[in-house]
Amino acid sequence: MMGRIRRRHLVLPLLGRQHLRDSMQVTRPAILRNSTLAGIQSALVVLVALPLVQLSAWSHLIGYAGLGALVALFGRFAPKGRRTWTVFKVAVCQTASVLLVTLASLAGLGMAGMMALLALMGGAFYIIGLKGRFGPPGALIFMFAATAAMPAPAAPEEATGRVIMTGAVAMLSVLLCALTEVFRFKGDDECSLPADPVMSARDMGLVAVRVTASAAVAGYVAMWAGMAHPGWASLGAVAVVLGTKLHLSLHRAFQRMAGTVVGSLGVWLLLQAEPSVWIIIAVLALLQILTEVLIGFNYALGQMFVTPMALLMTYQASAGRVGPSIASERVLDTLLGVAIGVLLALLLSTHADRAHFMERHRQGRKPPPSLG
């Protein structure tokens, strides 16, 4: 019988080569068509909306237009006839995220209060996403929108513009997804769509508490360390604890860190060249597609393209307040957040979680069967 497995027993397997090798495994997603379509739909919204915003009197709000385009990524596995309604609900949530944080900023809420608000929003949007069957990419998108809206608006008119711009482009995403719904695979007798996880209210609440706690701890530690973007540390921690199993959470830690380093380096090189806004728009559209095509194969591959997309949107939303240094800041904030996420995943794990992790570790160390 297996003895009691304590948290410290997982340290060596976590740092071993097998865990690294398992994290680098590439597997083909069951339904690549819908993920690719979601990336193309979001890219089309970027290519339609962002140039129009740039040529208008509201070009300083172009980053918030980009946030609205992310809405098209949701609902890819919704049942037939349900995706448009799902994307509409996501559009409301994305706009609400920007609205809440912008109002908090106007009210003079400090960074400590912002971290508490972000953490609470993370837990709330996790539950809303499950109840509404939003599907991937999940609550992290709403939390990302919140971090982008944290800088104080220069005037009340800018605050209003942020919300209107996000909502308008989000509605454009709803419209485009409805017009191109004919291309989405909706399941058949041979292949069904991935089912949403079925969780009890208790389990859902526990995960929401875990999300809130990890976001808050990572954010406050990043503040204490004097980091420029503590919200990014919160995102890194939440990405880890959202793994459905302990081994997946720990795999995500390495994958997110590796993908962030590579993606941040790419952004740093791009911003060093001082690209025009048109180049950035084209790159964003390409990144939307590449992310959705590759992230199903391996989370790290997706992060290599998610990271530059997030940084470029933040760069646009900042209206010149940040520069190429955001790349290195992203790496440091993510490293801190991932480390805290790993610690919390281990701390909050049950004995069954740890036993499952160790069983997978032992199975992975067995020699392959002889072919002779």
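Does the stretch 28-38 contain at least one residue that is open to solvent by 70 Å² or more (accessible area, probe 1.4 Å), of a type in the set (A, V, I, L, M) and either part of a loop (DSSP other than H, G, I, E, B) or closer than 22 Å to Met309 by Cα (or both)? Yes, there is a match, as at least one residue in the stretch 28-38 is open to solvent by 70 Å² or more (accessible area, probe 1.4 Å), of a type in the set (A, V, I, L, M) and either part of a loop (DSSP other than H, G, I, E, B) or closer than 22 Å to Met309 by Cα (or both). Residues of the stretch 256-281 that are open to solvent by less than 20 Å² (accessible area, probe 1.4 Å) and under 22 Å from Leu294 (Cα atoms): Arg256, Gly259, Thr260, Gly263, Ser264, Val267, Ile280, Ile281.
Residue-level check: of (1) crowded, with 19+ Cβ neighbours inside 10 Å; (2) under 26 Å from Met150 (Cβ atoms), Phe77 misses just (2). Ser192 fulfils the conditions (1) closer than 30 Å to Ala30 by Cα; (2) modelled with pLDDT of 95 or more except for a single criterion, (2). Considering the stretch 245-282, and only residues there that are part of a loop (DSSP other than H, G, I, E, B) and in contact with a helix residue (DSSP H, G or I) (Cβ under 9 Å, 6 or more places away or on another chain), the residue that is modelled with the lowest pLDDT turns out to be Lys245. The set of residues from the stretch 194-215 being in contact (Cβ under 8 Å) with a residue 12 or more places away in the chain, open to solvent by 80 Å² or more (accessible area, probe 1.4 Å) and more than 20 Å from the chain's Cα centre (by Cα) is empty. Scanning the stretch 216-231 for residues that are in a helix (DSSP H, G or I) and open to solvent by 10 Å² or more (accessible area, probe 1.4 Å) yields Ala216, Val217, Tyr220, Val221, Met223, Trp224. Examine the stretch 87-106 for a residue that is in a loop (DSSP other than H, G, I, E, B) and buried (at least 23 other Cβ atoms within 10 Å of the Cβ), and state whether such a residue exists. No; the residues of the stretch 87-106 include none that is in a loop (DSSP other than H, G, I, E, B) and buried (at least 23 other Cβ atoms within 10 Å of the Cβ).
Can you confirm whether the stretch 158-166 contains a residue that is open to solvent by less than 20 Å² (accessible area, probe 1.4 Å), assigned to a helix (DSSP H, G or I), of a type in the set (A, V, I, L, M) and modelled with pLDDT under 95? Yes: one or more hits. Restricting the stretch 182-193 to residues that are in contact with a helix residue (DSSP H, G or I) (Cβ under 6 Å, 6 or more places away or on another chain) and surrounded by 14 or more Cβ atoms within 10 Å (Cβ to Cβ) leaves a set whose member that is farthest from Ala38 (Cα to Cα) is Phe185. Take the residues in the stretch 319-348 that are open to solvent by 10 Å² or more (accessible area, probe 1.4 Å) and of a type in the set (Ser, Thr, Tyr); name whichever of them is modelled with the lowest pLDDT. Only one residue tops the list, namely Ser325.
The values are calculated or read from the model by the stated rules, or taken from the named source; none is laboratory data. Just so you know, these numbers come straight off a predicted model, no measurement behind them. Neighbour counts are summed over all protein chains in view; Cβ atoms, including those assigned to glycine, are modelled from backbone coordinates with ideal geometry. Heavy atoms of the whole protein, side chains included, go into the accessibility calculation; ligands, DNA and RNA do not. Shrake-Rupley method; radii C 1.70, N 1.55, O 1.52, S 1.80 Å.
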